[in-house]
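Each remark here refers to the structure printed beneath this line.
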Amino acid sequence: MKITKVQYKIQENKASVPFRIALTENATNDAVLVKITTESGITGYGEASPLPPITGETIGTVTAALDLLIPLIMGKSALALEPIHRLMDTGILGNPSAKAAIDIALYDISAKAAGLPLYRFLGGDNPVIYSDMTIGIDEPQKMAEMAEKYVKEGFTILKVKVGLNPLDDLKAIKLIRKAVGEDVEIRLDANQGYTKKEAVYVLNEMLKYDVDEIEQPIPYYDLDGMRFITQRAKQLIVADESVQSPEDAYRFIKSEACDMINIKLMKSGGIFPALKINSIAEAANMTCMVGCMSESRIGIAAAAAFAAANRNVDYVDLDSHKLISEIEGISGGFSQEGGRITLSEEPGLGLNINLDF
């Protein structure tokens with residue numbers, strides 16, 4: 001099943017709610033959508049959703065990388081995921097979301113060729129997963145109001161962005177806990193915003209508010225600092241920006257520098273390397289979570305299928321499609337009620353796509 005055509009288009013994403021994280025004022029960005037056609041007529045769709053402070057990419061670098069990668073994969077078998085990843089990795093260093101777009105489209109094709117929804121093609125048998133909902137950094141009272149709104153919509157797990165000011169963070173979590181009650185899980189994501197001592201202080205103070213975990217409290221490169229926090233915190237310490245590849249996962253696990261790894265298809269380079277990261281973690285008796293960038297229904301459907309297919313995925317943070325406006329011409333893939341996501345039983349990603357490329 002040879003690849004005969006690869007097309008892409010830039011997709012403007014409009015934020016439906018203001019969303020600030022410690023790394024950047026606006027964490028919702030445009031995307032590049034990819035369509036791959038095979039000689040058999042089966043088409044697959046993928047998405048690149050870059051975030052410069054995390055993946056090191058912009059829309060311009062994604063399209064430039066795709067222009068380099070497309071000639072490398074033309075005429076190759078769409079089912080040959082390992083050789084294609086090898087070609088992409090030798091063809092250009094890094095550029096993970098550009099590679100993820102191609103990877104996702106190829107998995108869409110492979111699952112369609114097998115007549116299976118992607119989560120079943122990946123080995124899963126349960127189409128249901130449960131996601132949190134993320135609250136961006138804002139005035140503490142506004143964050144509490146947003147938390148209350150999401151809980152009323154049916155979410156039982158909240159992820160709260162922190163990392164700019166420890167005292168404001170503590171105030172926000174206090175107000176959020178008061179607003180949502182004791183039955184809602186609260187998790188934190190500092191996006192590298194703290195120092196290691198600030199992180200330990202904040203986490204100790206957060207114990208009174210029953211906070212479960214924190215993602216990436218300090219800069220991604222500080223392995224020793226992550227180990228310092230992991231050894232001292234009672235909450236789970238999750239490596240996010242620190243772990244972008246299987247090699248990163250091995251290094252952090254071996255160094256005991258985290259309790260959990262957040263896998264994102266956009267920073268790992270797609271499903272194929274994400275499976276390797278998860279396997280390394282599972283072999284070390286460490287669970288993973290699956291997160292997202294500012295992805296549309298395409299990227300979320302792929303990440304949700306990955307999460308549903310792997311029992312080692314313990315946490316799910318797939319909510320970006322609710323933070324941006326839906327793309328006209330894309331539907332299906334999954335349905336959602338509150339935090340409950342149910343994947344489609346249609347082959348591949350299960351998406352209905354009517355877009356001009």
Practice prompt. Output the residues belonging to segment 196-217 that are surrounded by fewer than 23 Cβ atoms within 10 Å (Cβ to Cβ), over 15 Å from residue 260 (Cβ atoms) and of a type outside the set (D, E, K, R).
Written response: 200, 201, 204, 207, 209
Worksheet item: Any residue in segment 188-203 that is of a type outside the set (S, T, N, Q), under 20 Å from residue 317 (Cα atoms), in contact (Cβ under 8 Å) with a residue 24 or more places away in the chain and not in a loop (DSSP other than H, G, I, E, B)?
Response: yes
Worksheet, complete the sentence: Going through segment 231-252 in order, the residues found to be surrounded by fewer than 20 Cβ atoms within 10 Å (Cβ to Cβ) and in a helix (DSSP H, G or I) are 231, 232, 246, 247, 250, 251
Worksheet item: Somewhere in segment 111-133, is a residue more than 26 Å from residue 245 (Cα to Cα), modelled with pLDDT of 95 or more and among the acidic types (Asp, Glu)?
Response: yes
Discussion item. Restricting to segment 300-342, name every residue that is assigned to a strand (DSSP E or B), farther than 16 Å from residue 104 by Cα and aliphatic (A, V, I, L, M).
Written reply: 313, 316, 324, 341
Fill in: Residues satisfying the stated conditions in segment 343-356, i.e. buried (at least 22 other Cβ atoms within 10 Å of the Cβ) and outside any loop (DSSP other than H, G, I, E, B)
343, 348
Worksheet entry | Residues satisfying the stated conditions in segment 53-105, i.e. under 17 Å from residue 35 (Cβ atoms), over 20 Å from the mean Cα position of the chain (by Cα) and either assigned by TED's automatic domain parsing to the domain that holds residue 292 or of a type in the set (S, T, N, Q) (or both) | 63
Discussion item. Just to check your reading of the model, which residue among 149, 161 is in contact with an Asp or Glu (Cβ under 7 Å, 6 or more places away or on another chain) and either closer than 30 Å to residue 347 by Cβ or at pLDDT 95 or above (or both)?
Written reply: 161
Worksheet item: Would segment 16-29 turn up any residue that is aromatic (Phe, Trp, Tyr), touching a helix residue (DSSP H, G or I) at 6+ places or on another chain (Cβ under 7 Å) and either at pLDDT below 95 or within 29 Å of residue 344 (Cα to Cα) (or both)?
Response: no
Fill in: Options 172, 147, 113: the member that is assigned to a helix (DSSP H, G or I) and either out of contact with any helix residue (DSSP H, G or I) (no Cβ under 6 Å at 6 or more places or on another chain) or over 18 Å from residue 213 (Cα atoms) (or both)
113
Item to complete: Return the total of residues in segment 92-102 being closer than 19 Å to residue 247 by Cα and not in a loop (DSSP other than H, G, I, E, B).
Response: 4
Fill in: Within segment 59-88, considering residues that are hydroxyl-bearing (Ser, Thr, Tyr) and in a helix (DSSP H, G or I), the one surrounded by the most Cβ atoms within 10 Å (Cβ to Cβ)
61
Practice prompt. Please work out if residue 326 is touching a Gly at 6+ places or on another chain (Cβ under 9 Å), more than 26 Å from residue 80 (Cα to Cα) and assigned by TED's automatic domain parsing to the domain that holds residue 254.
Written response: no
Worksheet entry | Breaking point among (1) modelled with pLDDT of 95 or more; (2) more than 13 Å from the chain's Cα centre (by Cα), for residue 267 | (2)
Fill in: Only listed residue being under 24 Å from residue 88 (Cα atoms), of a type in the set (Ser, Thr, Tyr) and either buried (at least 22 other Cβ atoms within 10 Å of the Cβ) or assigned by TED's automatic domain parsing to the domain that holds residue 98 (or both), chosen from 320, 294
294
Practice prompt. Within segment 126-144, count every residue that is out of contact with any Lys or Arg (no Cβ under 8 Å at 6 or more places or on another chain), charged (D, E, K, R) and assigned to a loop (DSSP other than H, G, I, E, B).
Written response: 1
Worksheet entry | Criterion: within 30 Å of residue 58 (Cα to Cα) and either surrounded by 23 or more Cβ atoms within 10 Å (Cβ to Cβ) or aliphatic (A, V, I, L, M) (or both) - qualifying residue of 179, 274 | 274
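The values are calculated or read from the model by the stated rules, or taken from the named source; none is laboratory data. All figures in this text were calculated on a predicted structure; none of them were measured in a lab. Backbone-built Cβ (ideal geometry, glycine too); neighbour counts: all protein chains shown.
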